[in-house]
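Below you will find the structure I want to go over with you.
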Amino acid sequence: MTTSPSPPSKETEQKVNSSDSGESTRTITQFGCPKYSSRSQPEPKEPSSQQQQQQQQSFASRAWAYLNEDVRPTHFAEMQLVLLTFCIGLQDAVSFPDFHAFASNQTGNTVFLMLAIALPQFNPSMFITANIGCSLGFFLASAWLTGQLGHIIGPRRRLWVLATNTIQTCLVFTAAALQFQSHHTNTPGKDLFESGSLEGWDAVTGTRTLLCIALLASAAGSQVVLSRSLNMTEITTAMATAAWLDLVIDRNLFGAVRKNKGRNRRVAFLAALAVGSLCGAYIYREVGSAVAVTISGGGKAVVLGMFLCAPGEGRGKRQEGDVESQRQRGGGNENLKEGKVNSDVMAKEGAGNMKGDDGSGSGSGSDEEVEVERRGRGDEAV
């Protein structure tokens with residue numbers, strides 16, 4: 001037999017229906033209602049020191065992975081190399097009038113060095129042998145050191161690219177500071193070139209001048225190696241002879257813009273070199289070489305910041321891997337569908353062969369008799 005529940009006592013009803021909010025809350029809490037109970041809502045906890053440390057470690061690991069990925073040769077990298085070419089144009093436009101030697105154009109320096117050996121009487125009116133030898137030697141030494149270390153570390157690793165660009169930028173700014181201290185203007189070099197007198201000898205040679213040439217040539221040599229490591233041989237950032245030749249013999253010289261990437265890179269490189277040299281010449285004529293070298297260092301600093309946010313090879317590989325996996329998945333689904341269709345076809349053919357075997361076993365020797373028997377069986381079934 002069932003017993004009816006006992007009615008609530010008057011004391012409980014008074015607690016529940018009481019007008020006092022505090023008593024009502026305590027009574028509902030005593031009933032254990034999770035919706036209205038304050039105990040059921042946990043207080044937010046502050047992250048512990050261990051969690052904060054894990055977050056910091058994860059950020060550091062991501063940053064380290066970002067710095068160790070390879071810089072991807074994209075259109076963004078092309079813009080960086082074109083800007084570096086403009087900076088080289090500025091340097092060479094002021095280095096030859098000042099020092100009678102090029103900072104990066106080692107083709108001209110090689111020719112002048114041979115002339116200095118064969119015709120020493122033209123030193124220093126036409127060229128200065130010490131300056132030419134210093135530029136060529138430090139250019140080759142810097143290129144050798146950067147290239148060999150790049151083979152060990154990774155020529156396109158972001159950390160290595162940032163480190164080499166930082167060193168190059170510091171070298172150029174140091175050379176600019178030396179030129180400001182030497183008060184280099186266009187007057188000493190111009191007088192020495194035109195008259196051959198030695199009154200301005202101290203302004204175009206000496207220890208400080210050799211140091212300035214060594215800094216600029218070292219930065220240029222490292223920069224040329226960087227452009228080669230990015231797999232953009234059309235933009236050497238320094239030498240223009242090969243670019244001019246490859247441009248004029250290009251079979252698709254007048255082709256569409258989007259279909260000839262090599263031609264576009266050579267045109268951009270040559271234009272940047274010409275514009276940079278022209279701007280350097282005007283700056284040299286108006287305010288002197290120190291300002292032009294300072295502007296060149298500023299351009300290299302901008303490129304340094306651009307390399308910090310340039311797209312990396314790791315992200316590109318992930319995207320390509322995702323696309324490839326999707327293609328493989330899609331191909332797998334298509335293969336499954338084709339396999340299913342082929343199995344259905346084979347099953348139908350097998351059933352037809354079995355029926356054919358049954359018909360042939362009944363004594364009929366031709367396909368027409370087998371077909372007649374099939375139709376007869378169908379009529380009987382109906």
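Can you tell me which of 115, 81 is without any contact (Cβ under 8 Å) to a residue 60 or more places away in the chain and assigned to a helix (DSSP H, G or I)?
On inspection, the qualifying residue turns out to be 115.
Give segment 252-267 a look and list any residue that's surrounded by fewer than 10 Cβ atoms within 10 Å (Cβ to Cβ) and β-branched (Val, Ile, Thr), or say none.
Correct list: 257 only.
For segment 287-307, give me the residue count where each residue is more than 12 Å from residue 91 (Cβ to Cβ) and either at pLDDT below 90 or in contact with an Asp or Glu (Cβ under 9 Å, 6 or more places away or on another chain) (or both).
Matching residues across segment 287-307 total 2.
Also: Among helices (runs of 4 or more DSSP H) lying entirely in segment 165-243, which contain 1 or more residues that are at pLDDT 85 or above and on the phi < 0 side of the Ramachandran plot?
207-229
Among the candidates 98, 92, which residue alone is touching a residue at least 40 places away in the same chain (Cβ under 8 Å), touching a Leu at 6+ places or on another chain (Cβ under 9 Å), acidic (Asp, Glu) and part of a helix (DSSP H, G or I)?
It is 92.
Return yes or no: is residue 249 exposed (fewer than 15 other Cβ atoms within 10 Å of the Cβ), within 32 Å of the chain's Cα centre (by Cα) and either charged (D, E, K, R) or modelled with pLDDT of 90 or more (or both)?
It is true that residue 249 is exposed (fewer than 15 other Cβ atoms within 10 Å of the Cβ), within 32 Å of the chain's Cα centre (by Cα) and either charged (D, E, K, R) or modelled with pLDDT of 90 or more (or both).
Right, next: Please go through segment 281-299 and give me each residue that is hydrophobic (A, V, I, L, M, F, W, C) and touching a His at 6+ places or on another chain (Cβ under 8 Å), ordered by number.
290
Assigned to a helix (DSSP H, G or I), β-branched (Val, Ile, Thr), surrounded by 15 or more Cβ atoms within 10 Å (Cβ to Cβ) and touching a residue at least 60 places away in the same chain (Cβ under 8 Å) - does that describe any residue in segment 118-141?
No - not one qualifying residue is present in segment 118-141.
May I pose another question? For the structure I just gave you, tell me whether residue 86 is in contact (Cβ under 8 Å) with a residue 40 or more places away in the chain and either touching a Phe, Trp or Tyr at 6+ places or on another chain (Cβ under 6 Å) or in a helix (DSSP H, G or I) (or both).
Considered against the rule, which asks whether it is in contact (Cβ under 8 Å) with a residue 40 or more places away in the chain and either touching a Phe, Trp or Tyr at 6+ places or on another chain (Cβ under 6 Å) or in a helix (DSSP H, G or I) (or both), residue 86 comes out as yes.
The values are calculated or read from the model by the stated rules, or taken from the named source; none is laboratory data. Remember, it's a predicted structure, so these values are computed and weren't measured experimentally. Note: ideal-geometry Cβ built from the backbone for every residue, glycine included; neighbour counts use all protein chains shown.
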